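A short write-up of the structure that comes next.
The values are calculated or read from the model by the stated rules, or taken from the named source; none is laboratory data. No experiment lies behind these values; they were computed from the predicted model shown. FYI the Cβ positions are ideal-geometry reconstructions off the backbone, even for glycines, and counts take in every protein chain you see. With ligands, DNA and RNA removed, areas are computed over all heavy atoms of the protein, side chains included. Shrake-Rupley method; radii C 1.70, N 1.55, O 1.52, S 1.80 Å.
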Amino acid sequence: MKKIMKEITFLICGIFLCIFTFTSCEDNQYDKEMYKPILYLLSTGNHNVYNVVYPFGVENAVGYFSIGCSGSKPNPETITIELESDTVLMNEYNRINFVVDSASYAKLLPSGRYEFESYTVTFPANNKEQYIKVPVKVNQEGLSPDSIYFIPLNIKSVSNYEISQDRRNMLLRVLVENDYAEQITQTTYYQRAQYWEDGKEEDMYPANGPKIVQPLSKDEIRMYAGKNTQDNKASLDSINAYAMVLKINEDHSVDFRSYANLDVEKLDRENFNRYYTRLNSEYKQIQYFDLYYRFRVKKGNAYGSWIVVEETLERLN
């Protein structure tokens, strides 16, 4: 019996010794770096695009992009990273997305419109987040909502570790927004309207449906007049023919002007040509415009008939 108990005791001790040894090895394993530290520019998609939004009305607005360092543990050494302008991705982006439609090509943001504090960046040692944010100042005023603007970047060199060959370059896309519309997601308002030829109010027609609205400046947005609707592939000729600009004043009144060739005039009516917000059933503030105006479209060298429009716009997104 004593012999059996002795054997059982040895067996139990052996099991505990194995468990302790395995646990110690496992702990030591997790103390070690399991992946190579590799530097990369954070981006998304096959074209390595990174979107940064710059609100209108902010002088020298600052946005940020990120540089990451892969690994299961923070980098033990300080890294010096040198950036430069990329020369590859822009051509690939335009070739793949627009083929020979050169009018739609993405554009380089002019160098005079943006500023880096430095093209040399320090990645601190033992950085727990394993990424750093790099600021970029941009002068966004006057940028067209019809163009794609990029700042192309590349990691030229690092003081230690490696550079990701798939994510060493990036297209930083400059997007704009104001309080009434944004560019990062297409802003849509729902139109409930009626329109008629000036002087023929008895021949009134309804116009209902979504309407694209785009930001132009801190207090201006662009949209098509009346029942005309802009789609995602609208040509410059179409935009110039039908687009008008709304200016939202400090008192929330609204003024009109032509974007290019359209002739548009504000008409007087109580409680119209104003911007306001209202709570919906979920207590969310919804944006509205009540508008009353007339417009006419240029046809050749002359203008067509005046069309009067009374409409309410409700922001959907």
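Could you tell me how far the Cα centroid of segment 48-119 sits from the Cα centroid of segment 260-317, in Å?
Answer, in whole Å: 37.
To the nearest 20 debye, what is the magnitude of the charge dipole of segment 84-181 about its Cα centre, counting +1 on the Cβ of each Lys and Arg and -1 on the Cβ of each Asp and Glu?
220
Could you derive backbone 3J(HN,Hα) for segment 209-225 from the dihedral phi with the Karplus parameters 6.51, -1.76 and 1.60 (θ = phi - 60°), listing whole Hz in sequence and x where the residue is Gly or Pro?
Couplings: x, x, 9, 6, 10, 10, x, 10, 7, 4, 10, 10, 10, 10, 7, 7, 7 Hz.
Mind ordering 184-190, 203-209 by average Cβ neighbours within 10 Å, highest first?
Ranked by mean Cβ neighbours within 10 Å, highest first: 184-190, 203-209.
Heavy atoms only, 1.4 Å probe, whole protein assembly: order V297, V308 by accessible area, highest first.
Solvent-accessible surface, decreasing: V297, V308.
Radius of gyration and Dmax for segment 217-317's Cα atoms, expressed in Å?
Over segment 217-317's Cα set, Rg and Dmax evaluate to 14.5, 50 Å.
What does the accessible area per residue of segment 121-276 come to in Å², with a 1.4 Å probe and no ligands, DNA or RNA counted?
Accessible area per residue, segment 121-276: 50 Å².
Can you list residues whose amide H is under 5 Å from D198's amide H, if they're 5+ apart or on another chain and H is modeled 1.01 Å from N?
Close amide H contacts, sequence-distant or interchain: W306, I307, V308.
Could you give me the ³J(HN,Hα) list for segment 305-315, computed from phi with Karplus coefficients 6.51, -1.76, 1.60 and θ = phi - 60°, whole Hz, x at Gly and Pro?
6, 5, 10, 8, 10, 10, 9, 10, 10, 10, 5
Quick one: angle between helix 89-98 and the longest Cα principal axis of the chain, in degrees between 0 and 90, rounded to 10, please.
50
If I compute percent of Cα pairs over 32 Å apart from the structure I just sent, which labelled value in (1) 50; (2) 32; (3) 24 lines up?
Structure-derived value, by its label: (1).
Viscosity 1.567 mPa s, temperature 4 °C: what is the translational diffusion coefficient of segment 144-297 from Stokes-Einstein with a Kirkwood Rh over Cα pairs, rounded to a whole number of µm²/s?
71
For the chain, take the longest principal axis of its alpha carbons; what is the angle in degrees between that and the long axis of helix 2-31, to the nearest 10 within 0 to 90?
Tilt relative to the chain: about 40 degrees.
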